[in-house]
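Before any comments, here is the structure.
The values are calculated or read from the model by the stated rules, or taken from the named source; none is laboratory data. Everything numeric here is computed off the predicted structure, so don't read it as measured data. Because the Cβ atoms are built from the backbone with ideal geometry, glycine has one as well, and the counts that use them run over all protein chains shown.
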Amino acid sequence: MYIKEIALKNFRNYEEEKAIFLPGTCIIQGANGQGKSNLLEAIYNLCFAHSFRNLKERDLVCWNKPFYYLQGTIYLQERFFKVELGYDLLKKRKVMKINGKPVRQFRLAEHCPVVFFLPEDLELVRRGPEERRRFLDRELSQDSSLYADFLSRYNRAVYQKNRVLKEKKLYRETQDLIRPWNKQIVYFGSRIIQMRAHVLSIWSKLASYNYNVLFQNDQKMKIVYNNIIGENAVTAAIEEIEETFVNKLALWENEEWKRGFSLLGPHRDDLTFLLDGREAKRFASHGQQRSAVIALKAAQIQLYSEKKEKPLFILDDVFSELDEQRKKQCFLLLHNAEQVFLTVTEKDSFLDSFLEKMNCTSFLQIREGKIREEKRNAAD
């Protein structure tokens, strides 16, 4: 998969710009606040019809403009797709078109193999459970519309249940009111747990191998999925997960009533990164923690390549946060992608040596929402 071209009108700080790309690596350079990340956001939006920042559509419209419009061409599954996205502030209406035909559901997103690497992802190991859940949900929702649907319905049920619990009604009355929401929480939550467990078991095995190969050590890396079922979640039948969920909700219903919010389910899950059986968050160095995340990203790229086709890899100013050794290991990942978009604030000797080795097909300079293209190739 790769992006052939993109045109932006009134999107974020871009009034009207266009860029043409080839397979290979595109370097996007510019000072902070000039629009590098906004261009990546437009590319992501073109693939998935929403922002990776989880912004509302109105927030994507350029200041004092009535609408935004994106148009681009995506090469996917040996075909070209013309994609158009727009939002009208006055009408409060979003328009999506594929090959000139309006669509209500953006089915193309299910088939787009895109791996996104943000600077905050590097801190995944040491941050809190909420950030790790957000990362997990972002990655799985991107790969599966079914997962995204389950997650949306589950979150709505939890929200409604919490509204009832916060009203502090009598215990018996509260149980009667939350029963229908618990039924939905069990149904959708069990399927979320099953899907998470399956994907994480694959990620963990691949990431462990990558950690050893990329960083040339024999430490054993493992990603543990903490949920109400435990490690059996990866092999348990859906009926078994549902039964365990129901039983645990019954045990905790009095505590939930006392505290006034839901205490069990996927919205409380977490990931634990282990190195040689020890929790990386507590015992690993900062560098080792970042290495574990890079190994995980490599696993995502490998999984996409096996399931679909070589992915598109987007890295937003990640290298500014890495030492030279980990930059080198990150560069090794780029060979597994069909197309790479990499943002940097400035060129340095390390980037120059990288450009000589990689298939760098384009180099963009970004300044105040303006794109200036400098064509390059591996021989330059």
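Could we say that PHE273 is more than 30 Å from LEU170 (Cβ to Cβ), surrounded by fewer than 22 Cβ atoms within 10 Å (Cβ to Cβ) and of a type in the set (Phe, Trp, Tyr) here? Working first, answer last.
On the way: more than 30 Å from LEU170 (Cβ to Cβ): yes; surrounded by fewer than 22 Cβ atoms within 10 Å (Cβ to Cβ): no; of a type in the set (Phe, Trp, Tyr): yes.
Answer is no for this residue.
For region 77-89, does any single residue satisfy the condition of being loosely packed, with under 14 Cβ neighbours inside 10 Å and under 30 Å from ASN247 (Cβ atoms)?
Checking region 77-89: not a single residue is loosely packed, with under 14 Cβ neighbours inside 10 Å and under 30 Å from ASN247 (Cβ atoms).
Which condition breaks for PRO266 when tested against (1) under 21 Å from ASN162 (Cβ atoms); (2) surrounded by fewer than 20 Cβ atoms within 10 Å (Cβ to Cβ)?
PRO266 satisfies every listed condition except (2).
Looking at this structure, is LYS297 in the same structural domain as ASP352 (by TED's automatic domain parsing) and in a helix (DSSP H, G or I)?
no
Quick check, is GLU131 outside the structural domain of ALA295 (by TED's automatic domain parsing) and either closer than 28 Å to LEU264 by Cβ or at pLDDT 95 or above (or both)?
Considered against the rule, which asks whether it is outside the structural domain of ALA295 (by TED's automatic domain parsing) and either closer than 28 Å to LEU264 by Cβ or at pLDDT 95 or above (or both), GLU131 comes out as no.
Condition first: over 23 Å from the mean Cα position of the chain (by Cα) and buried (at least 16 other Cβ atoms within 10 Å of the Cβ). Now tell me which residues in region 316-353 satisfy that.
LEU351
In this structure, does LYS281 turn out to be assigned to a helix (DSSP H, G or I), over 18 Å from the mean Cα position of the chain (by Cα) and of a type outside the set (S, T, N, Q)?
When the stated conditions are applied, LYS281 passes them.
Could you check, for region 67-88, whether at least one of its residues is under 22 Å from SER141 (Cα atoms), of a type in the set (Asp, Glu) and part of a strand (DSSP E or B)?
The answer is yes, given that some residue of region 67-88 is under 22 Å from SER141 (Cα atoms), of a type in the set (Asp, Glu) and part of a strand (DSSP E or B).
Would you mind finding the one in TYR187, TYR159, TYR211 that is assigned to a helix (DSSP H, G or I), hydroxyl-bearing (Ser, Thr, Tyr), free of Cβ contacts under 8 Å to residues at least 12 places away in the same chain and assigned by TED's automatic domain parsing to the domain that holds LYS258?
TYR159
Residues checked against (1) out of contact with any helix residue (DSSP H, G or I) (no Cβ under 6 Å at 6 or more places or on another chain); (2) in contact (Cβ under 8 Å) with a residue 60 or more places away in the chain; (3) under 23 Å from TYR187 (Cβ atoms); (4) surrounded by 20 or more Cβ atoms within 10 Å (Cβ to Cβ):
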residue: PHE116; (1), (2), (3), (4): yes, yes, no, yes
residue: ARG127; (1), (2), (3), (4): yes, no, no, no
residue: ARG133; (1), (2), (3), (4): yes, yes, yes, no
residue: SER145; (1), (2), (3), (4): no, no, yes, no
residue: ARG163; (1), (2), (3), (4): yes, no, yes, no
residue: GLU167; (1), (2), (3), (4): yes, no, no, no
residue: GLN175; (1), (2), (3), (4): yes, yes, yes, no
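For region 191-201, does any single residue satisfy the condition of being touching a strand residue (DSSP E or B) at 6+ places or on another chain (Cβ under 8 Å), of a type outside the set (Lys, Arg), in contact (Cβ under 8 Å) with a residue 40 or more places away in the chain and in a helix (DSSP H, G or I)?
The answer is yes; a qualifying residue exists.
Looking only at residues that are hydrophobic (A, V, I, L, M, F, W, C) and surrounded by fewer than 19 Cβ atoms within 10 Å (Cβ to Cβ) in region 19-47, which one is farthest from GLY100 (Cα to Cα)?
Among residues in region 19-47 that are hydrophobic (A, V, I, L, M, F, W, C) and surrounded by fewer than 19 Cβ atoms within 10 Å (Cβ to Cβ), the one farthest from GLY100 (Cα to Cα) is ALA31.
The conditions are (1) in contact (Cβ under 8 Å) with a residue 40 or more places away in the chain; (2) in a strand (DSSP E or B), and LEU108 fails exactly one of them. Which is it?
(2)
Can you name the residue in region 1-60 that is polar (S, T, N, Q) and in a strand (DSSP E or B) and, of all such residues, is nearest to PHE313 (Cα to Cα)?
THR25
State all residues of region 215-243 that are part of a helix (DSSP H, G or I) and crowded, with 20+ Cβ neighbours inside 10 Å; if no residue qualifies, say none.
ALA233, ILE241
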